[in-house]
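The values are calculated or read from the model by the stated rules, or taken from the named source; none is laboratory data. Because the structure is predicted, anything quoted here is derived from the model rather than measured. Positions of Cβ are generated from backbone atoms using ideal geometry, with glycine treated the same way; all protein chains shown enter the neighbour counts.
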Amino acid sequence: MRARTRPRVCMLSVQPLLFDARVQKELALNGSPIRFDVFIDALNLTNSDQYESVGSSLGTSSAFGVPTRYISPRRMQLGAKIRW
């Protein structure tokens, strides 16, 4: 058995800890094919401040790796659908 002589390349990527959730309720009218869906979305529940893009991916740029667009803070959305 021969030992491995080539170095193993390992890249570590930090993944944002994002957690989104949805609660949904379907409501039906008696004797009608029309249905209502009411829902609430909770976005970025962990309130992660991770970024989505950087100024430049070119290693010689002064903006290399500088965050330019962040994920929005914790927020909630309320919505409804009508299906017929």
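Selection of the range 23-71 for residues being part of a loop (DSSP other than H, G, I, E, B), more than 24 Å from Lys81 (Cα to Cα) and out of contact with any Leu (no Cβ under 8 Å at 6 or more places or on another chain) yields Asn47, Asp49, Gly55, Ser57, Leu58, Gly59, Thr60, Ser61, Ser62, Ala63, Gly65, Val66.
Is it the case that Leu78 is under 26 Å from the mean Cα position of the chain (by Cα), modelled with pLDDT under 80 and either surrounded by 10 or more Cβ atoms within 10 Å (Cβ to Cβ) or on the phi < 0 side of the Ramachandran plot (or both)? No.
What residue, of Asn44, Asn30, is modelled with pLDDT under 90 and under 22 Å from the mean Cα position of the chain (by Cα)?
Asn44
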